[in-house]
Amino acid sequence: MKVLKGKFVLVGGKEVYDASDIESINNSLSCRGLNKASKEDIADASRGTMAYSIMENHNVSESSDMLKIKFDAMASHDITYVGIIQTAKSSGLEQFPIPYVMTNCHNSLCAVGGTINEDDHLFGLSAAKRYGGIFVPPHIAVIHQYMREMMAGCGKMILGSDSHTRYGAFGTMAIGEGGPELVKQLVGRTYDVKRPEVVLVYVTGKPQLGVGPQDVALDLIGSTFPGGLVKNKVLEFAGPGINDLSMDFRSGIDVMTTETTCLSSIWTTDEKTHEYLKIHGRENEYKKLSPADIALYDMVVYMDLSEVKPMIALPFHPSNVYTIKDFTQNAEDILAGIEENARTTMGVKDFSLRSKITPKGVMADQGIIAGCSGGTFENIYTAADMLENSASGTDAFTLNIYPQSQPVFYELNKIGSINKLMQFGAVIKTAFCGPCFGAGDVPANGALSIRHTTRNFPNREGSKPAQGQIAGVALMDARSIAATALNGGIITPATEVEMPSSSYEYEFNSQIYKNRVYNGFGKPDKSVELRYGPNIVDWPTIPKMKESLILFAAAVLDDEVTTTDELIPSGETSSYRSNPMKLAEFALSRREPKYVSRAKAAKAIYEELCKGNVDDKLKEIESACGIKFDWNNTGVGSLIYATKPGDGSAREQAASCQRVLGGWANIAIEYATKRYRSNCVNWGMLPFTIAERPDIEADDAVVIPHALSSLEAMDKTVPAYIVKADGRVINIELSLAGLEPAERDIIVSGCLMNYYKKQLNR
């Protein structure tokens, strides 16, 4: 990969030039029999990108810069849809205005927390009937594969409450956001965003045998994630190298673009796209997508597929990328660095990945091929052919495989791949996202798991360092995982084993969905009552913004990046996602165990204040600052300071858990993703930034004397104070730069739900 910053022009979909090289651009245009371009034409050529055209077709505002998007369809899974529907219901929901797909691929296992998972599933089915939705039962399909098979189409836009909502390879611009953004669509509002920059990913070459989509994706992530090069931008894939890639290969790269922190993605479409849609009975969804004759981009990434090697992303981030060869040759030093990272960031002293180094190489304990990125038809049949007539052995190494949908499973069974894998010793499981977020195949303590899944954040695999449990996950392509399985668990790149060249035609069995998926779009039935379970609880009352705020720092996180999995752990904790207060008990539990108790203590002070009782701490702060507070118009609670919070999942619970515990703000140097900042706003928390790390520690108080006035006036800077434990007062300046009027109005109301209730006069 080669990344070049600056403006670049793609001419005729084939040649890339620096935007300032007008002579070369015009020579290329002339060779194609096209009119020459002026400086003004080139400056306006951003309109020639596929992304511009698609967004403009979905923009209902009069502005071409501040977009108000209405989507064609939406998707949620069973960690998020209950809260979305509950919020939308209280905000005036009558029926789903667009196709809304609810899959059950995250909390599919009904063995954690008693009845609560299946209670939520039946809630989802009742909501689909009442409001006119689409309900995909557990084990039938993972969310993104169902959307690829049944909903994606050329020129469409889809919104999902899962961060890996990416269908660009199918000509669909898809965006993963927190639940409140889906609520807005359900009640007739829009997705408001400043027009994003567009990055050209220019694809050339052909992958060598043994290199798969995860290898390409990891190379892309490793080249762009550091420095936030493509953060909140759209990746637009074009170039001759796309032509030879299958749809499975394209989508395997595409779904991982989330880990670059880009906003969305889009690819050129061709006959392979057409054939895919035709196979799935949706040929009418095809149209040719390509950039205009001249298209201006804000950056270019050159992707030469022939240069990509088998890759590995080591703990604890998908950007921690090496070639497998470089890793195995330098394993001692690399793994020592990861162990040190575990000690410093998680306080884990006994984590020893270097114990995996053997005379034969680095030994993995577990291999998994699963989910929206790994469990594809092509990945699994390739692995099956690689492993045919071999045996896994009876030692500790295990191989588990999850086809991403029942139609894919059906076809793999029909061509014999499932039997080959079972005979090898692999365990075949149903369509389930558990291995991607720690709810399935949790490794043993101290184990190293290699996975063709989406993420390897700390504890993403389900371990609990606070309880002395820790494991490591490395991301690899299915081909190299199969090569490793062939080699008894010794990590091996697929280019070093004999690779099969076989391929199989795919036939889509649509009857599987027809027989099991409830499709009620356009047919709402108000006679159906929502079915509740004992764990499905309404949101607690959220207070509106106050003039003054006194906020105690409940967590101070100096990590380079804080993931949403650290803010609210995934795995078994997500079983409580329909009970806001119970879920909030897990907030930051694997990163800052004292967070919840500190936040509750601050909230208790506010609850007493609402009764007219002013805590001595508040009086001391008032005296230290020399400010006379109107206690009837003062909010008291907690905040989080983090360097760069919000990388990872779109789950709104990363913010809502803070809010229900009495959180009023985040302070950050920057926010890792738009979706996390949006979650903070939609839950009524001020998304402050600050130029440099303040002198702040846990339990210090941040005083914002005129929070409401500053917010209503849309002040870009907000004066504040830090009151230290010893009584010292430090002046600081917080920033609300970039806050939009609609965001201000939501925060003033206390949260999106309050905002809509106010509009409904409830």
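The values are calculated or read from the model by the stated rules, or taken from the named source; none is laboratory data. The structure displayed is predicted, hence computed values, not measured ones. Every residue, glycine as well, gets a Cβ built from its backbone with ideal geometry; the counts of neighbours run over all protein chains shown.
Worth a mention:
- Criterion (crowded, with 24+ Cβ neighbours inside 10 Å and assigned to a loop (DSSP other than H, G, I, E, B)) met by exactly one of Gly646, Gly684: Gly684
- Given (1) over 30 Å from Ile380 (Cβ atoms); (2) within 19 Å of the chain's Cα centre (by Cα); (3) outside any helix (DSSP H, G or I), number of the condition Arg189 does not satisfy: (2)
- Qualifying residue in the range 342-361 (condition: outside any loop (DSSP other than H, G, I, E, B) and either within 30 Å of Arg516 (Cα to Cα) or free of Cβ contacts under 8 Å to residues at least 12 places away in the same chain (or both)): yes
- With respect to (1) over 27 Å from Asp647 (Cβ atoms); (2) of a type outside the set (A, V, I, L, M); (3) in contact with a His (Cβ under 7 Å, 6 or more places away or on another chain), the lone exception for Thr398 is condition (3).
- Among the residues making up the range 265-282, those that are of a type in the set (Val, Ile, Thr) and out of contact with any helix residue (DSSP H, G or I) (no Cβ under 7 Å at 6 or more places or on another chain) are Thr269, Ile279.
- Within the range 696-744, tally of residues that are exposed (fewer than 14 other Cβ atoms within 10 Å of the Cβ) and within 27 Å of the chain's Cα centre (by Cα): 3
- The residues listed here are Glu529, Glu505; of these, the one that is under 30 Å from Gly750 (Cβ atoms) and either charged (D, E, K, R) or not in a loop (DSSP other than H, G, I, E, B) (or both) is Glu529.
- Of the candidates Asn456, Asn445, the single residue that is buried (at least 21 other Cβ atoms within 10 Å of the Cβ) and at pLDDT below 95 is Asn456.
- Filtering Lys420, Lys414, Lys349, Lys360 for residues that are of a type outside the set (A, V, I, L, M, F, W, C), farther than 25 Å from Glu259 by Cα and surrounded by 15 or more Cβ atoms within 10 Å (Cβ to Cβ) leaves a single hit, Lys420.
- Selection status of Gln511, surrounded by fewer than 20 Cβ atoms within 10 Å (Cβ to Cβ), on the phi < 0 side of the Ramachandran plot and modelled with pLDDT of 95 or more: yes
- The residue that is nearest to the chain's Cα centre (by Cα), among those in the range 573-629 that are of a type in the set (S, T, N, Q) and under 29 Å from Ile84 (Cβ atoms), is Ser574.
- Residues satisfying the criterion are absent from the range 461-474 (criterion: in contact with an Asp or Glu (Cβ under 7 Å, 6 or more places away or on another chain), buried (at least 22 other Cβ atoms within 10 Å of the Cβ) and more than 15 Å from Leu353 (Cβ to Cβ)).
- Just one of the numbered conditions (1) over 21 Å from the mean Cα position of the chain (by Cα); (2) in a loop (DSSP other than H, G, I, E, B) is not true of Val442: (1).
- Some residue of the range 429-436 being outside the structural domain of Glu560 (by TED's automatic domain parsing) and within 18 Å of Glu566 (Cβ to Cβ): yes
- Candidate set: the range 593-617, residues that are among the charged types (D, E, K, R) and not in a helix (DSSP H, G or I); chosen: the one farthest from Phe552 (Cα to Cα): Lys611
- The single condition from (1) within 29 Å of Ser501 (Cβ to Cβ); (2) touching a helix residue (DSSP H, G or I) at 6+ places or on another chain (Cβ under 6 Å) that Leu220 fails is (2).
- Of the helices (runs of 4 or more DSSP H) lying entirely inside the range 370-428, those containing at least 3 residues that are closer than 25 Å to Leu218 by Cβ, touching a residue at least 40 places away in the same chain (Cβ under 8 Å) and among the small types (Gly, Ala, Ser) span 371-374.
- The range 657-681, residues that are of a type outside the set (Val, Ile, Thr) and assigned to a strand (DSSP E or B): Gly663, Trp664, Ala665, Asn666, Ala668
- The set of residues in the range 618-643 that are outside any strand (DSSP E or B) and either within 29 Å of Ser574 (Cα to Cα) or free of Cβ contacts under 8 Å to residues at least 24 places away in the same chain (or both) comprises Lys619, Glu622, Ser623, Gly626, Lys628, Trp631, Asn632, Thr643.
- Wholly enclosed helices (runs of 4 or more DSSP H) of the range 689-762 bearing at least 2 residues farther than 26 Å from Trp631 by Cβ: 741-749, 752-759
- Taking the criterion of being of a type outside the set (Asp, Glu) and within 21 Å of Thr345 (Cβ to Cβ), the residues of the range 578-596 that qualify are Phe586, Ala587, Leu588, Ser589, Arg590, Arg591, Pro593, Lys594, Tyr595, Val596.
- The number of residues in the range 296-335 being over 22 Å from Arg250 (Cα atoms) and among the small types (Gly, Ala, Ser) comes to 1.
- Check on Thr382, crowded, with 20+ Cβ neighbours inside 10 Å, under 24 Å from the mean Cα position of the chain (by Cα) and not small (Gly, Ala, Ser): no
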